[in-house]
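Q: First, the structure itself, so that you have it in front of you.
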Amino acid sequence: MNSDAEKLFAQGALSGKMVFIAASAKLLPELAEGLRALGADALPVAVLEAKEIEDNAALDRAIANLNQYEWIIFTSAWGVSFFADHLRKSVYNAAGLPKICAIGSATSAAAEKRGFHIALMADEFTAEGVMKSMEQYHGGVKNLSGFGVLIPRALEAREFLPEALRSAGCRVDAIPCYQTVRPEPDAELSVRLMNETPDLIVFTSAKAVQNFLKTAAAVIGETTARMRLHEAVAAVIGPVTAAALESEGKKAEIIPAEHAVPSLLAAIADFFKSGR
């Protein structure tokens, strides 16, 4: 974090502000800690939980034939976790794994923690950023032709990356290894939704936007849920989340330049300290 951001943190840029954090369980602790350090009354809202899918036959087949792939691309920390669990149960020699590409620092850190060596991390923490980084790594899109690529991912996921890689001539297996579910709202969230409009709502994925609205609508009705959303300042982790929010009729006021939690926290601090 740079010195300007550190000053903003020290001065309590969000003192007295009430914040809802609509994020996955993996990102909630870091966001909650950072927002509380800014002085916020931060309420973590777990809108996404991951669970293993019932049929993993396709994933197991891919693991048994990893020598057919030049790359494995991880698009989330959950993808890393569920893939690593299945890999551990297999007889495959981990020393002979394909090259690993990861979206973002959090996914890279999760992969390294599970023993994977990261050959490539996208400079932009999006599927589009991964495609651009792959092209740069290989000296142009024409040099991707013929590569086998495995993408262990969520059951519901964007198709941009698999389609872009196939268009470049890659053989792509985008295989679900987990699914995300929406937890039931807890008592504190229900009470606060009914009685308060937050000053800020933080979203970390398109699914978090959708699930937050569903959760809020279940508690206070869709009309009031959308009113809460539109009256609050919205911070999003990146352009894909911003687009999902805009599709719900709300424009994000805060989008960090780098799509990672530290940059998001710094952008939030800057926004509120400037009095916007």
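Q: Hey, among the residues in the range 235-244 that are touching a strand residue (DSSP E or B) at 6+ places or on another chain (Cβ under 6 Å) and part of a helix (DSSP H, G or I), which one's modelled with the lowest pLDDT?
A: 241
Q: Also, I was wondering about something else. Give the range 5-24 a look and list any residue that's touching a helix residue (DSSP H, G or I) at 6+ places or on another chain (Cβ under 8 Å) and either of a type in the set (Val, Ile, Thr) or at pLDDT below 80 (or both), or say none.
A: Scanning the range 5-24 gives 5, 8, 9, 11, 19, 21.
Q: Just the residues that are in a loop (DSSP other than H, G, I, E, B) and either in contact with a strand residue (DSSP E or B) (Cβ under 8 Å, 6 or more places away or on another chain) or among the basic types (Lys, Arg) (or both), please, taken from the range 139-158.
A: Within the range 139-158, the first condition is being in a loop (DSSP other than H, G, I, E, B), and the residues that meet it are 139-140, 145-147, 155-158.
Hits for the range 139-158 are 146, 147, 155, 156, 157, 158.
Q: In the range 110-153, which residue that is small (Gly, Ala, Ser) and surrounded by fewer than 16 Cβ atoms within 10 Å (Cβ to Cβ) is nearest to residue 237 (Cα to Cα)?
A: 119
Q: I need a count of the residues in the range 25-40 that are touching a Pro at 6+ places or on another chain (Cβ under 9 Å) and of a type outside the set (Gly, Ala, Ser).
A: Result for the range 25-40: 4.
Q: Kindly evaluate residue 215 against the criterion of being in contact with a Phe, Trp or Tyr (Cβ under 9 Å, 6 or more places away or on another chain), of a type in the set (Val, Ile, Thr) and either within 30 Å of residue 251 (Cβ to Cβ) or part of a helix (DSSP H, G or I) (or both).
A: When the stated conditions are applied, residue 215 does not pass them.
Q: Residue 266 is checked against (1) among the aliphatic types (A, V, I, L, M); (2) touching a residue at least 40 places away in the same chain (Cβ under 8 Å); (3) not in a helix (DSSP H, G or I) and fails just one. What number does that condition carry?
A: With respect to (1) among the aliphatic types (A, V, I, L, M); (2) touching a residue at least 40 places away in the same chain (Cβ under 8 Å); (3) not in a helix (DSSP H, G or I), residue 266 is out only on (3).
The values are calculated or read from the model by the stated rules, or taken from the named source; none is laboratory data. Values in this document were obtained by computation on a predicted structure and should not be read as measured data. In this analysis, Cβ positions are derived from the backbone assuming ideal geometry, glycine residues included, and neighbour counts consider all displayed protein chains.
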